[in-house]
Amino acid sequence: MEKRIKQLRKELGLTQQELADKIGIKRTTIATYESGRNTPIDAVISLICREFNVNEVWLREGSGDMFRSNDRYSDIARLTSQLLNEESDSFKNRFISMLARLNSDEWEFLEKCALELCGVSPEKAG
């Protein structure tokens, strides 16, 4: 598991300190996991999987994909969790707050702009 924890951290572009901060443990604890001196307890494994959408079977056994497949609702739940853990004046929080106040016409306009930005015509988006 130590190799997979390090592989996950590198895939996420995090330092040991950043990973530790995100799941509420010490950096030295992450270092002991990555070196194989200690194995994470079930609670830490659950934290890692929940925070980073990691496939628990992959983390424990190395089989399957690193990340769980996403669906719209789990994406929204993960974003909501991240927003609650950030400063209230972060860009993400301000942006989501602005989106929450849009009316249906503004949502349609935003969709059109997003599609154009991505080079997709509204007709093809269906």
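Where does helix 2-12 land angle-wise versus the long Cα axis of the chain, in degrees 0 to 90, nearest 10?
With both axes taken from Cα atoms, the answer is about 20 degrees.
List the relative contact order of the range 1-96 as a percent without decimals, with contacts defined as Cα pairs under 8 Å and 6+ residues apart. Mind dumping the intermediate values first?
Working: 74 pairs, mean separation 19.9, N = 96.
Value for the range 1-96: 21 percent.
Give, rounded to the nearest 20 debye, the magnitude of the charge dipole that the range 4-126 has about its Cα centre when Lys and Arg contribute +1 at Cβ and Asp and Glu contribute -1 at Cβ. If you can, show how the numbers build up before the last one.
Values: 18 positive and 20 negative charges, 135 e Å.
Dipole about the Cα centre, nearest 20: 640 debye.
How do 66-72, 5-11, 97-103 rank on mean C-beta neighbours within 10 Å, highest first? Write out the running numbers ahead of the final one.
On the way: 66-72: 11.6, 5-11: 16.6, 97-103: 9.4.
Ranking, from highest mean packing down: 5-11, 66-72, 97-103.
With every protein chain kept in place and ligands, DNA and RNA left out, what is the accessible area per residue of the range 1-115? Probe 1.4 Å, answer in Å². Could the numbers behind the result be given before it?
On the way: 7950 Å² over 115 residues.
I get 69 Å² per residue for this part.
For the chain, what class follows from the C-alpha gyration tensor (a ≥ b ≥ c being the square roots of its eigenvalues): rounded when a/c is under 1.5, otherwise prolate if a/b is larger than b/c, else oblate? If you can, show how the numbers build up before the last one.
Details: a/c = 3.00, a/b = 2.00, b/c = 1.50.
Because a/c hits 1.5 or more and a/b exceeds b/c, the chain counts as prolate.
What residues have an amide H closer than 5 Å to that of residue 67, excluding those fewer than 5 places away on the same chain, when H is modeled at 1.01 Å from N in the peptide plane?
55
The values are calculated or read from the model by the stated rules, or taken from the named source; none is laboratory data. The structure displayed is predicted, hence computed values, not measured ones. Neighbour counts are summed over all protein chains in view; Cβ atoms, including those assigned to glycine, are modelled from backbone coordinates with ideal geometry. Ligands, DNA and RNA are excluded from the accessible area calculation, which covers all protein heavy atoms including side chains. Shrake-Rupley method; radii C 1.70, N 1.55, O 1.52, S 1.80 Å.
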